[in-house]
Amino acid sequence: MALSTLFIGVSSQATTIYDKDNGDYLKLYGEVGVGGHFRPDYEFSEFFEDKSYIDDSFATIGIKGAMQDVYYRLEVDYERENWKYGSGDMVLAIDKIFIGYHMTKNHAIEFGLTDTALDDYDKFGDFTLDTTVETGEAGDQANTVKYEGQWSYFKAGVSYSYNSESSSGASLGDVINGYFGYFSDIVDVVAGAETRTGSEGESKYGEQTLFTLGVRGYITDELAIGFNAYLENEDIAQSETLTDISQDFDTYTYAFNDYQTLQNKGALISASYTFRPKWELTGSANLEEYEVWDINSAYGVSPDDEYSWGKERTWATLGLNFKPSQSVLMAVEANFGEAAQDAYAYARVYF
């Protein structure tokens, strides 16, 4: 949702630096956002610290342009590393830097640091802004080559990323993912898949396969419903061996081994209702299950460390969005049940 709203801002609010008759252009775009997570539950291991409020402020600025059939983008983010294993600091980082080529009007290929093909559609059926069912796909990656194409009502994309990393910098190995979708005025359906080679002992992450399905149905101009689901089989190391200690004892190197396959899955149903031109209600009902939560699994948590929600969790989200203009979004969401937080609030301005 965050990505899709950003791209809406890019397409509608970008400032044109120049736009030539031959199709060449250069545009400046960005986003400023302030908000955060209220009363997050540290037990869910989604945040870097056990606090009653986690800041989620964010800013981005970028340029996008084209020269004949070649297009390019440079995007810089300033964001809070508030996720598990994050530093908690505001960090400046290049989020995208790539060059693409339109082979035809509806077919393009791009290279560089960019979002993998599945990244735009892995949560396609969810209309809420935050605390969605997490699929764990690769996200943005360096050393990526991506193809995307369109045929009438159909779209497809596939990407390959060399030597990928998790958000914390852990090695994932090479990643291939893609999607195939049907888009119309009545219903949109997108199926996706991902696989990775694993870190070969450099981190706890081994091989993986992931399958996703997202559906959006447009009942009326004001009402839409959605469905999203995923199934993931992920190899995770069960042990590690210390192999090296730096001379000043501040760096420890481990070799990870005994990789075992754990299954994760989740699904949700979601809805969006525009009851006024600038006001929108959203909601979702969510189910998620990780094998590591299951005390009855050979590779799950021990009974002494059992999670309060057991081997699966269910929760609901109810949100209210206010859009005073096309380039401004203000949102608040309340969560009920076994959610990782009680509420989320955010204000975003796009330019």
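The values are calculated or read from the model by the stated rules, or taken from the named source; none is laboratory data. Owing to the predicted nature of the structure, the values given are computational and were not obtained by experimental measurement. Note that we place each Cβ from the backbone using ideal geometry, even for glycine, and neighbour counts take in every protein chain shown. All accessible areas refer to the heavy atoms of the entire protein, side chains included, with ligands and DNA or RNA removed. Shrake-Rupley method; radii C 1.70, N 1.55, O 1.52, S 1.80 Å.
For the reader, a short list of remarks on this structure follows.
- For the range 151-194, the spread of Cα positions along each principal axis, largest first, Å: 41, 18, 11
- Convex hull volume of the Cα atoms of the chain, normalised per residue: 150 Å³.
- The value of relative contact order for the range 167-302, using C-alpha pairs under 8 Å at least six residues apart, is 17 percent.
- Global geometry of the range 61-189, whether rounded, prolate or oblate, following the gyration tensor of its Cα atoms and the 1.5 cut on a/c: oblate
- Put simply, when 72-81, 150-159, 208-217 are sorted by average Cβ atoms within 10 angstrom per residue, most first, you get 208-217, 72-81, 150-159.
- Considering only GLN260, PRO277, ILE236, and ranking their Cα positions along the charge dipole of the range 230-281 that arises from unit charges at the beta-carbon of Lys, Arg, Asp and Glu, the one farthest toward the positive end is PRO277.
- Counting Lys and Arg as +1 and Asp and Glu as -1 over every other residue whose Cβ lies under 12 Å from the Cβ of GLY198, the net charge comes to -4.
- Residue pairs, from the table LYS84/LYS146; LYS51/LYS146; LYS27/LYS265; LYS123/LYS204, whose Cα atoms sit over 32 Å apart: LYS51/LYS146; LYS27/LYS265
- Under the criterion of Cα pairs below 8 Å and six or more residues apart, the relative contact order for the range 136-233 equals 18 percent.
- Relative contact order [Cα under 8 Å, 6+ residues apart], the range 19-114, whole percent: 23
- By accessible area with a 1.4 Å probe, ligands and nucleic acids excluded, highest first: order of PHE180, PHE249: PHE249, PHE180
- Computed with a 1.4 Å probe over protein heavy atoms only, the accessible surface of the chain comes to 51 Å² per residue.
- Sulfur and carbon atoms: percent of accessible area, the chain [1.4 Å]: 56
- Accessible heavy-atom area order of SER168, SER52, highest first, probe of 1.4 Å: SER52, SER168
- Ranking SER239, SER272 from most to least accessible surface, computed with a 1.4 Å probe over the protein chains only, gives SER239, SER272.
- Averaging over all projection directions, the Cα-based convex hull of the range 161-294 occupies 11.7 nm² in the image plane.
- Each principal axis of the Cα cloud of the range 225-276 was evaluated for its coordinate range; sorted largest first, these ranges are 64, 29, 7 Å.
- Per residue of the chain, the DSSP helices (runs of n ≥ 4 H) give a summed -39500 (n - 2.57) that works out to -1000 deg cm²/dmol at 222 nm.
- Assigned charges on the beta-carbon of Lys, Arg, Asp, Glu; the chain dipole about Cα centre (debye): 1680
- Choice from THR195, THR243, THR261 showing the highest fluctuation, given a GNM over the chain with Cα pairs closer than 10 Å: THR243
- Taking the Cα centre of the range 193-333 as origin and assigning +1 to Lys and Arg Cβ atoms and -1 to Asp and Glu Cβ atoms, the resulting dipole is close to 1160 debye.
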